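Peer 1: Have a look at this one before I ask anything.
The values are calculated or read from the model by the stated rules, or taken from the named source; none is laboratory data. Just so it is clear, the structure is predicted and the values come from calculations on it, not from any experiment. When we count neighbours, we look across all protein chains shown, and the Cβ atoms used for this are built from the backbone with ideal geometry, even at glycine. Note: areas computed on protein heavy atoms with side chains; ligands, DNA, RNA excluded. Shrake-Rupley method; radii C 1.70, N 1.55, O 1.52, S 1.80 Å.
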Amino acid sequence: MAGYPRARAVIKEKPVSSLPLVAVDGIPLWMGSISYSYLVKELDKKGIMPVA
């Protein structure tokens, strides 16, 4: 977590009560249950394409 200060700040402000915590470029975007198809769709909106 030392390399992700924004994620660490979010966790300090609002304790993670459910996993996963999804972050992109160190910026927390979602916390809690998320379906794979929703995640792919939301990342696609941000111009991020899956590699696997």
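Peer 1: Over the chain, what is the relative contact order in whole percent, taking alpha-carbon pairs under 8 Å and six or more residues apart?
Peer 2: Numbers: 41 pairs, mean separation 13.0, N = 52.
For the chain, the relative contact order is 25 percent.
Peer 1: Given charges of +1 on the Cβ of Lys and Arg and -1 on the Cβ of Asp and Glu, with all other atoms neutral, how large is the dipole of the chain about its Cα centre, in debye to the nearest 20?
Peer 2: Working: 7 positive and 4 negative charges, 26 e Å.
Using only the charged Cβ atoms, the result is roughly 120 debye.
Peer 1: Which entry is the computed Kirkwood radius over Cα pairs in Å for this structure: [x] 14.0; [y] 14.7; [z] 11.9?
Peer 2: [z]
Peer 1: To continue, here is another question. Round to a whole number: what % of the accessible area of the chain belongs to carbon and sulfur, probe 1.4 Å? Provide the component values of the computation, followed by the final result.
Peer 2: Working: 2440 of 4150 Å².
Result for the chain: 59 percent of the exposed heavy-atom area is carbon or sulfur.
Peer 1: Hey, what number do you get for the chain at 222 nm if only DSSP H runs of n ≥ 4 count, each worth -39500 (n - 2.57), divided across all residues, to the nearest 500? Each step should come with its number before you reach the end.
Peer 2: Working: 2 runs with 19 residues, N = 52.
The helix contribution divided over the chain gives -10500 deg cm²/dmol.
Peer 1: Continuing with the same structure: Could you work out how much longer the chain between SER37 and ILE11 gets when fully extended? Use 0.36 nm per residue separation minus the Cα distance between them, nm to one decimal. Don't jump to the answer; show the numbers that get you there.
Peer 2: Details: separation 26, 0.36 × 26 = 9.36 nm, distance 2.52 nm.
Stretched out fully, the SER37 to ILE11 stretch lengthens by 6.8 nm.
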